[in-house]
Amino acid sequence: MAETRTQADGGMETSYGFREVNTGEKQGLVNDVFHKVAKRYDVMNDVMSVGMHRIWKDAMINALNPRKDAGYRFLDVAGGTGDIAFRIVEASDKQAKGTVLDINGSMLGVGAERATKKKLADNLTFVEANAEELPFENNSFDAYTIAFGIRNVPRIDVALSEAYRVLKRGGRLLVLEFSEVDLPLLERVYEEWSFKAIPQFGKMITGDAEPYQYLVESIRKFPNQENFATMIRTAGFSRVSFTNYTGGIAALHSGWKL
Ligand SMILES: C[S@@+](CC[C@H](N)C(=O)[O-])C[C@H]1O[C@@H](n2cnc3c(N)ncnc32)[C@H](O)[C@@H]1O
């Protein structure tokens, strides 16, 4: 399970891909990755997932089924270039108001430009902040979403506690993340694709394989479905469940603040 560990000097260690690093160091390394890839992030997402991320994200929004009323408030954490927030606003018939939060200004910059082009900017606010320290009051949001973001956060337990704090009673947590593949044949193909093809495509498209090597390794270090569901329960959420997509390549976790 991805977890933080106390070192002899009292500091905390966590995984950065296959390396063990200090929790403080991890965030800096992750930020470098997303500063480097921001401009090509959307293209690479299509390449890396052969377009599947669009289907998984649509399924996430179907599961959320946002209310079509102007009082609906959602927070999309690690929202990057805005894919989840745009879908939620559209699914609410442009009624919902959302905050896209990300620690990385380069990713948010791309997101804000896309929001303007899609004429969704009036429904969205972009906030540069850390998932581990949300700049919002308790009980502020009807929904908290995070897609392909939580495995990059150094202290996942802290981010989940923050999610719980800012949700209203009756609010919903949805986490979409790469997970453990449960079909042996698919797993072999996926392994080859991940470790051989993705870093190569990354190098061809962005000129640098390293960020994509990190992304692939970080997927392997993330807790599997059951272990992550336990972390969500530990943060206080009720009725925790998960749904596998494409044989577990991705999984959607759900929890409620009741
Ligand atoms: C793989 S991208 C996902 C973007 C978007 N949610 C999507 O599905 O396309 C991961 C995002 O997590 C953000 N991130 C990493 N650590 C974070 C943290 N501690 N707090 C908030 N965002 C963080 C990165 O800056 C990056 O934009």
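The values are calculated or read from the model by the stated rules, or taken from the named source; none is laboratory data. Every value quoted in this text rests on a predicted model; they were computed, and no experiment measured them. Neighbour counts are summed over all protein chains in view; Cβ atoms, including those assigned to glycine, are modelled from backbone coordinates with ideal geometry.
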Please give the number of the condition ILE84 fails out of (1) within 12 Å of the ligand (Cβ to nearest atom); (2) over 21 Å from GLY170 (Cβ atoms); (3) touching a residue at least 40 places away in the same chain (Cβ under 8 Å); (4) out of contact with any Leu (no Cβ under 7 Å at 6 or more places or on another chain). (2)
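This table checks each residue for (1) touching a helix residue (DSSP H, G or I) at 6+ places or on another chain (Cβ under 6 Å); (2) more than 21 Å from LEU215 (Cβ to Cβ).
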{"site": "GLY105", "(1), (2)": "no, no"}
{"site": "GLU113", "(1), (2)": "no, yes"}
{"site": "LEU120", "(1), (2)": "yes, yes"}
{"site": "ASN138", "(1), (2)": "yes, yes"}
{"site": "ALA147", "(1), (2)": "yes, no"}
{"site": "VAL166", "(1), (2)": "no, yes"}
{"site": "LEU176", "(1), (2)": "yes, no"}
{"site": "PRO184", "(1), (2)": "no, yes"}
I'd like the full set of residues that are near the ligand (Cβ under 8 Å from one of its atoms) and more than 24 Å from ASN65 (Cβ to Cβ), limited to segment 140-158. ASN152, VAL153, PRO154
Quick check: anything in segment 35-49 away from the ligand (no atom under 13 Å from the Cβ) and at pLDDT below 95? yes
Would segment 9-19 turn up any residue that is touching a strand residue (DSSP E or B) at 6+ places or on another chain (Cβ under 7 Å) and without any contact (Cβ under 8 Å) to a residue 24 or more places away in the chain? yes
Looking at segment 127-139, is at least one residue within 16 Å of the ligand (Cβ to nearest atom), of a type in the set (Phe, Trp, Tyr), farther than 22 Å from GLY71 by Cα and in contact (Cβ under 8 Å) with a residue 60 or more places away in the chain? no
Every listed condition ((1) under 17 Å from ARG67 (Cα atoms); (2) more than 8 Å from the ligand (Cβ to nearest atom); (3) within 16 Å of the chain's Cα centre (by Cα)) holds for GLU90 save (3)
Keeping to segment 42-86, report how many residues are closer than 20 Å to ILE150 by Cα, among the hydroxyl-bearing types (Ser, Thr, Tyr) and surrounded by fewer than 21 Cβ atoms within 10 Å (Cβ to Cβ). 1
Those residues of segment 130-142 that are closer than 16 Å to PHE74 by Cβ and within 14 Å of the chain's Cα centre (by Cα) come to a total of 1
